[in-house]
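The values are calculated or read from the model by the stated rules, or taken from the named source; none is laboratory data. Keep in mind the model is a prediction, meaning the values are calculated, not measured. Note that we place each Cβ from the backbone using ideal geometry, even for glycine, and neighbour counts take in every protein chain shown.
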Amino acid sequence: MNKYETSDKHAIQYDLRAEGNGWVLHVKLPEDLGFRDRSTVLDWLRGYQQNVKKQHPTWLTAFRVVGNGYVLQMQKTGGVRDLADAVGLTTQEDRIRGDRNRTTLKYA
């Protein structure tokens with residue numbers, strides 16, 4: 001996320017990059033960001049993911065927690081065969097730990 005670094009340590013930073021056969025959206029959160037703001041970011045990411053799935057039903061999408069932020073990975077597939085080949089994308093990485101109660105939330 002170096003490209004989007006700012007001097008404002010309280011800013012939420014977004015970085016969308018083409019990577020391989022898709023895109024990766026990195027969201028870096030300030031360390032002191034509250035639960036409500038983190039929830040808002042997760043809701044926004046979930047909506048973004050749902051829009052991608054509506055426009056491209058065969059694409060794979062997955063969330064990951066990285067450091068003090070989140071990653072939404074989107075991978076193009078050409079059909080059922082490509083979906084089967086890419087199934088590793090949605091195993092363990094398709095989970096986000098709930099920040100408040102440490103439960104696991106799964107997103108499709």
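Among the residues of segment 40-71, write down those that are in contact with a strand residue (DSSP E or B) (Cβ under 8 Å, 6 or more places away or on another chain) and surrounded by fewer than 14 Cβ atoms within 10 Å (Cβ to Cβ).
Selection gives V65, V66, G67, N68.
Taking segment 9-51, which residues are farther than 28 Å from K76 by Cβ, among the small types (G, A, S) and either modelled with pLDDT of 95 or more or not in a loop (DSSP other than H, G, I, E, B) (or both)?
Once the filter is applied, which keeps residues that are farther than 28 Å from K76 by Cβ, among the small types (G, A, S) and either modelled with pLDDT of 95 or more or not in a loop (DSSP other than H, G, I, E, B) (or both), segment 9-51 yields only S39.
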